[in-house]
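Everything on this sheet refers to the single structure shown next.
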Amino acid sequence: MATPRMTPRRAAIALLESVLGRRRTLEEALASLPAMEARDRGFAHLIAATVLRRLGTLDAVLEPFLRRAPPDPVRHALRAGAAQLLFLGTSAHAAVGETVAAVRALPKGQAFTGLVNAVLRRVAATGEGALEGLDGPRLDTPEWLWRSWHAAYGAGAARAIAAAHAAEPPLDLTLKPGEDAARWAERLGATVLPTGSLRLPPGHAAVRDLPGFAEGAWWVQDAAAALPAALLAPRPGERVADLCAAPGGKTAQLAASGAVVTAVERAPERAARIGENLARLGLSAEVVVADAAAWTPPAPFDAVLLDAPCTATGTIRRHPDIPHVKRPGDVAALAAAQDALLAAAARILRPGGRLVYAVCSIEPEEGKGAVARALASGLPLIPAPFSPGELPGLEEAITPEGWLRTTPALWPDRGGMDGFFVARLTRKGE
Ligand SMILES: C[S@@+](CC[C@H](N)C(=O)[O-])C[C@H]1O[C@@H](n2cnc3c(N)ncnc32)[C@H](O)[C@@H]1O
């Protein structure tokens, strides 16, 4: 028998098996799909991402229709079918018919086509009524993250963060300095945010096809991700290290300011992307492939940006696989790595030099906890808190310590932003 064509629904089931069954990231899972048409691949990605975003809700919808749990691939197919019906506006005919066809192509799938057909028809008949009375934010958030956010931010804010994860995020761009924001906003159909980033609503054209991509007028970077380098405020000619730098969004910002930048990245294949991205933008930086925790530069730096590896729970809107691939133990392991990197960052700064520490996690152990541990451990660092004037439109995101704490629930009317923690310190001794 010929191998059945890789349809969007078959690909979506394969993506869900990779993420939910093997704890691979959605990006890794997408990279291992066989060659298929860009449109089909895009739809498979959308279906899988929607299932991951709304997994708890979808399972609650399906549960009453299932007497016993079917094998995993069939369960993924049911979730994918229900996501199309309830969240993606796919016609019932296509959602049911194509999903059943995908189940038929699974090993031993034939035995489950009747079940999938019957269940999805019932979901289709109930329509959005199936969602009534379900607590989406709670159902779609794993217990450990829900508890962590409750403890860190309180019940209302934790719920608002979880609710923000249900929506696809907008696309934010950072303009190269000197480019006219109003003119580019008009050309791109974007708005200019108070922090200077340009924002396009979800559903925009492919990034490569947007005006300004080819000539390197801007790069893709969430509005919150643009803040750490801006808050380091490098001056032309300063020697600046960017630790943990790939794919290089922050390296580009630092280089664009006229600083002399050294970007340090441990993964060689990711380090290569820094050079590619800078070349498109007509910017340059020295790229060093090294473990930033052990790297010794020839001379100390005027300023260091440390964008440390983290659980990335601030980026769940963009990466809905995160709640399903991360585990509570990851927080402690990454916090230990962050401690070592902070110590290394302090070591390579000249006396009086500035350090900006950033993570795209909303777990307190990786943010304010990391800075508190660094200060308590006796590193030669002094807090250099942010002032409201440095963060237009984000004054409420400044913590009592003077750090920046964004979450996806900020700027709800503008479309939110990634969750970042940012702190600034200076090296003692000047
Ligand atoms: C949060 S991402 C950095 C994003 C980047 N700063 C940007 O703005 O585009 C973390 C990066 O750190 C790298 N990394 C993790 N641990 C590292 C270490 N000890 N030394 C150097 N790079 C490291 C990872 O390979 C990954 O590329």
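No lab work stands behind these numbers, since they all come straight from the coordinates. Computed from a predicted structure; not experimentally measured. Glycine also receives a Cβ, built like all others from the backbone with ideal geometry; neighbour counts cover every protein chain displayed.
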Applying 1/(1 + (r/R0)^6) with R0 = 22 Å to the Cβ-Cβ distance of Arg39 and Ala92, what FRET efficiency is obtained, to the nearest 0.05?
-> 0.55
Which parts of the range 344-365 would a label at Ala290 reach, counting a residue when its backbone N lies under 17 Å from a point 7 Å out along Cα-to-Cβ?
-> 344-350
Spelling it out for Leu391: with amide H atoms placed in the peptide plane at 1.01 Å from N, the residues 5 or more places away or on another chain with amide H under 5 Å from its amide H are none
For the modelled label position 7 Å from the Cα of Asp180 along Cα-to-Cβ, which residues of the range 187-203 have backbone nitrogen atoms closer than 19 Å?
-> 187-193, 196-199
State to the nearest 20 debye the size of the charge dipole of the chain about its Cα centre, where the only charges are +1 on K and R beta carbons and -1 on D and E beta carbons.
-> 980
Report the label-to-label distance for Arg67 and Ile382 in nanometres (one decimal), using points 7 Å from each Cα along the Cα→Cβ vector.
-> 7.4
Quick one: Karplus J couplings for the range 297-305, per residue in order, coefficients 6.51, -1.76, 1.60, θ = phi - 60°, nearest Hz, x for Gly and Pro?
-> x, x, 8, x, 9, 6, 8, 10, 10
Under 12 Å from Lys176, Cα to Cα: aspartates and glutamates that are on another chain or at least 8 residues apart | Glu215
For the chain, which semi-axes, largest first and in whole Å, follow from the square roots of 5 times the eigenvalues of its Cα gyration tensor?
-> 41, 23, 21
When the chain is fully extended, how far beyond the present Cα-Cα distance does Arg280 get from Val192, taking 0.36 nm per residue of separation?
-> 29.4 nm
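Suppose a student asked you for the relative contact order of the range 171-427, using Cα pairs under 8 Å spaced at least 6 residues apart; what percent would you report?
Computed value for the range 171-427: 17 percent relative contact order.
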Placed amide H near Lys428: partners under 5 Å, 5+ positions off or other chain | Gly352, Leu381, Ile382
Take the alpha carbon atoms of the range 357-407, find their center, do the same for the range 170-190, and report the distance between the two centers in whole angstrom.
-> 28
Say each of Ala372 and Gln110 gets a label point 7 Å from the Cα, pointing the same way as Cα to Cβ; how far apart are those two points in nm?
-> 6.2
For a quick protection proxy, order the peptides 204-216, 101-113 by their average other-Cβ count within 10 Å, most packed first.
-> 101-113, 204-216
Determine, for each peptide in 178-187, 255-264, 347-356, the mean count of other beta carbons within 10 angstrom over its residues, then list the peptides with the highest first.
-> 255-264, 347-356, 178-187
Residues with amide H under 5 Å from that of Ile362, placed H, sequence gap 5 or more | Thr313, Gly314
Each residue of the range 255-272 in order: what ³J(HN,Hα) in whole Hz does its phi give by Karplus 6.51 cos²θ - 1.76 cosθ + 1.60, θ = phi - 60°, with x for Gly and Pro?
-> 5, 5, 7, x, 6, 9, 10, 10, 9, 10, 9, 7, 8, x, 5, 6, 4, 4
Would you list which lysines come within 30 Å of Lys428, measuring only between C-alpha atoms, while excluding same-chain residues fewer than 8 positions from it?
-> Lys250, Lys368
